[in-house]
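First up is the structure itself, then whatever we jot down about it.
Bear in mind that the values in this text are calculations on the coordinates, not laboratory data. Note that this is a predicted model, so its numbers are computed, not measured. Note: ideal-geometry Cβ built from the backbone for every residue, glycine included; neighbour counts use all protein chains shown.
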Amino acid sequence: MTESLEFSALLQLIDERSAAFRSAVAAAPSLEVPVPSCPEWTLFDLVQHLGTGQRWWAAIVAAGPAQAPPAKDAAEAPRELEALLAWYAESNELLLSALREAGPERECWTWWAAGVSPANARGVARRRVHEVLVHTYDAQLAAGAVQPMPADVAIDGVAEFLDTCNSTPAAWPHEAATIHYHATEGHSWLLALDGTGAWPAPLTDDAAPASASATGTAEQLLLFVWGRLTLSDLKIEGDQQVFEQLIAWEPEE
């Protein structure tokens, strides 16, 4: 796993990014405005998705080690703006309280247990930081006022996505390849794809040459791996088909 932020810093970031999310929602002209980066969703749908997710992961962390997650709360969030913002704030506090009570090393169910991200409260906290970070971008886009992401958080977001979403023991179904990601802020990562699976790591000077590489700001790289930007938004070198294969890949574990 790539180096992560401290647990206390992750909790603080969940709170800070959630405040930015609420501000973006409050600034939008309506809860019915479409979210361009989430096709077919309105801003209300986005808030309900994120708030329901915070509540679900709070229940998962509180349950501790388990073979399966608890059921999601099917109740619809309130549709009036102030009530919706209060509901989201409560959702966020439920998650933070569960994480504080658990501590970083408490194990719990996760959908990424086969990869390199830890199946514990620390792994959940890191995932939720970047879930909120990217959905704050979505909300700001819907409101017409996108703000720059904190660079250090975006850098961790690229690493977290590779650790959580792009690490798997499922065999890569194409010719073995190596992808390099270069953030212009000075951080780089590699993703090795072969018969043993997909495995990320920090990029070192003695790393094998890349089959393909992507260069951009950390924010651009993060938005790319989350599907908000496309290959045309980055500087791509090498075999672009490797990126296309990775985007289309749905591993079976």
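The single condition among (1) closer than 23 Å to LEU5 by Cβ; (2) assigned to a loop (DSSP other than H, G, I, E, B) that ALA171 does not satisfy is (1).
Quick grid of which residues meet (1) more than 28 Å from LEU5 (Cα to Cα); (2) surrounded by 17 or more Cβ atoms within 10 Å (Cβ to Cβ); (3) not small (Gly, Ala, Ser):
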site: ASP163; (1), (2), (3): no, yes, yes
site: TYR181; (1), (2), (3): no, yes, yes
site: PRO200; (1), (2), (3): no, yes, yes
site: THR215; (1), (2), (3): no, no, yes
site: GLU219; (1), (2), (3): no, yes, yes
site: VAL225; (1), (2), (3): no, yes, yes
site: LYS235; (1), (2), (3): no, no, yes
site: GLN240; (1), (2), (3): yes, no, yes
site: LEU246; (1), (2), (3): no, yes, yes
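Any residue in the range 21-32 that is surrounded by fewer than 16 Cβ atoms within 10 Å (Cβ to Cβ) and acidic (Asp, Glu)? Yes, the range 21-32 contains a residue that is surrounded by fewer than 16 Cβ atoms within 10 Å (Cβ to Cβ) and acidic (Asp, Glu). In the set (1) in contact with a strand residue (DSSP E or B) (Cβ under 6 Å, 6 or more places away or on another chain); (2) under 21 Å from GLN67 (Cβ atoms); (3) of a type in the set (S, T, N, Q); (4) touching a residue at least 60 places away in the same chain (Cβ under 8 Å), ASN120 fails one condition alone, (4). Here the range 94-138 is the region considered, the condition is being farther than 29 Å from ALA192 by Cα and small (Gly, Ala, Ser), and the residue that is surrounded by the fewest Cβ atoms within 10 Å (Cβ to Cβ) is GLY103. Restricting the first member to the range 73-100 and to residues that are farther than 17 Å from VAL132 by Cα, and the second to residues that are of a type in the set (S, T, N, Q), the beta-carbon pairs closer than 7 Å and six or more apart or on different chains are ASP73/THR52; GLU76/GLN48; ALA77/GLN48. Across the range 34-54, the qualifying residues are those that are surrounded by fewer than 19 Cβ atoms within 10 Å (Cβ to Cβ) and not hydroxyl-bearing (Ser, Thr, Tyr), and the one among them that is farthest from THR230 (Cα to Cα) is GLY53. PRO150 meets each of the listed conditions (1) of a type outside the set (Lys, Arg); (2) surrounded by fewer than 22 Cβ atoms within 10 Å (Cβ to Cβ); (3) in contact (Cβ under 8 Å) with a residue 24 or more places away in the chain apart from (3).
Scanning the range 156-177 for residues that are among the polar types (S, T, N, Q) and in contact with a strand residue (DSSP E or B) (Cβ under 9 Å, 6 or more places away or on another chain) turns up ASN166, SER167, THR168. Take the range 178-205 and flag every residue that is out of contact with any helix residue (DSSP H, G or I) (no Cβ under 9 Å at 6 or more places or on another chain) and of a type in the set (S, T, N, Q). Hits for the range 178-205 are SER188, THR196, THR204. Taken over the range 1-45, the criterion of being of a type in the set (S, T, N, Q) and not in a loop (DSSP other than H, G, I, E, B) is satisfied by SER8, GLN12, SER18, SER23, THR42.
Annotation note: Cβ proximity below 9 Å between a residue of the range 229-252 that is of a type in the set (S, T, N, Q) and a residue that is assigned to a strand (DSSP E or B) (sequence gap 6+ or interchain) occurs for GLN240/ALA212; GLN241/ALA212; GLN245/ALA177; GLN245/LEU193. For the structure I just gave you, tell me whether GLU82 is surrounded by fewer than 12 Cβ atoms within 10 Å (Cβ to Cβ), outside any strand (DSSP E or B), in contact with a Lys or Arg (Cβ under 8 Å, 6 or more places away or on another chain) and not β-branched (Val, Ile, Thr). No; evaluated as a whole, the condition is false for this residue.
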